[in-house]
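Written below as structure tokens is the structure these notes are about.
The values are calculated or read from the model by the stated rules, or taken from the named source; none is laboratory data. Note that the structure is a prediction, hence the values are computed from the model and not measured. A quick note on method: Cβ atoms are made from the backbone with ideal geometry, for glycine too, and the neighbour counts reach across all protein chains shown. For accessibility, only protein heavy atoms count, side chains too; no ligands or nucleic acids. Shrake-Rupley method; radii C 1.70, N 1.55, O 1.52, S 1.80 Å.
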Amino acid sequence: MKTRLMLAVLLLLALFVTACQPQGAPVPADPLEAVKAIADKQTEVKTQHMDMNMALNLKLDGLTGDQAQAAALFKNFKANLNIAGDVDNVKQDAALKGDLDLGALTTFITQGEDKLEFEVVKTGEKMYVKANVGDTAGEWQEQDVPLPTDTESKDNPLNPEMITDLLKQSSKAEKLADEKIGDVDTYHYKVTLNPETLIDSLAKMAQSTGAGEAVDPTQLDEAKKFLKDSTLEVELWAGKQDLLVRQTKVHFNLNLKDLPDMPGATALIDFVLTNTASKLNEPVTITAPQ
């Protein structure tokens, strides 16, 4: 009797401990539906710290004459951009620092500096920019930035809804091995997007910012034609407990043949963007520089 009582107590204790453990957020078994569910959850991200890297590789071939001379710097061109800082998605404010390396072009643009270094602070309807080059090197430059309307807000790159809408239009998704990002256990997915969808989204964003009149439908169709052999993949690492994205990797690969007005010329473009998010929904203070 005592043994049964002891087992019953141990069983109740085990059930109690299990119930107290944090449970993973439910995620659909179908990868495409899981990605859509994760995308919807990103509207819950109000603030975050971001560490982003963008790497671009460009290779031009088949150029002749004046074209080859004019594009000599881009025959094998590489660029690298790093940005880090805090973002307030609700206020659409940010305080960011970064550096840009344009390879052989860097020295020419920066007048001798190894990299273009910059800081950007946006708070309310003001934006402040400081760089290490130019006539105002090391000085903050202020400019007005009107707050977007509700419609424009959705197309603002600082607003997660833009990325959310893109992810929900994924054409294919697959589940990869779970990984840990920082100290967070995450689900890992890779989705394939239709490049034409990206073109339409960029055109929509241009229109919302007042540049839409310059977007020619004929040019859009031409751009889509050149994108037919391209690939656009996005990897997501979403926290198991809350489905909030801790890391995103975008890989865009484009192989262009017979460039416009350049018969026989080709361009290989490889673009990789990796963004790691931390301190999600923790308080951030973004103020104008003194």
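Listing for the model above:
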{"item": "Selection count, region 228-241, where residues are under 13 Å from residue 181 (Cβ atoms) and either among the hydroxyl-bearing types (Ser, Thr, Tyr) or in a loop (DSSP other than H, G, I, E, B) (or both)", "result": "2"}
{"item": "Subset of region 231-268 that is open to solvent by 40 Å² or more (accessible area, probe 1.4 Å) and among the β-branched types (Val, Ile, Thr) - its residue that is nearest to residue 199 (Cα to Cα)", "result": "231"}
{"item": "Every residue from region 245-263 that is modelled with pLDDT under 75 and either on the phi < 0 side of the Ramachandran plot or not in a strand (DSSP E or B) (or both)", "result": "259, 260, 261, 262, 263"}
{"item": "Some residue of region 164-178 being at pLDDT 70 or above and farther than 29 Å from residue 238 by Cβ", "result": "no"}
{"item": "Close pairs (8 angstrom Cβ cut-off, 6 or more residues apart or separate chains): acidic (Asp, Glu) in region 56-68, modelled with pLDDT of 70 or more and not in a loop (DSSP other than H, G, I, E, B) anywhere", "result": "61/265; 61/266; 61/267; 61/268"}
{"item": "Filtered residues of region 179-208 (kept if under 30 Å from residue 279 (Cα atoms) and either modelled with pLDDT under 70 or surrounded by fewer than 16 Cβ atoms within 10 Å (Cβ to Cβ) (or both))", "result": "179, 180, 182, 183, 185, 192, 198, 201, 202, 205"}
{"item": "Residue count, region 94-124 (criterion: open to solvent by 50 Å² or more (accessible area, probe 1.4 Å) and assigned to a helix (DSSP H, G or I))", "result": "4"}
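To keep it simple, each residue is scored yes or no on (1) more than 20 Å from residue 185 (Cβ to Cβ); (2) in a helix (DSSP H, G or I); (3) open to solvent by less than 40 Å² (accessible area, probe 1.4 Å); (4) modelled with pLDDT of 50 or more.
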| site | (1), (2), (3), (4) |
| --- | --- |
| 36 | yes, yes, no, yes |
| 48 | no, no, yes, yes |
| 67 | yes, yes, no, yes |
| 78 | yes, no, no, yes |
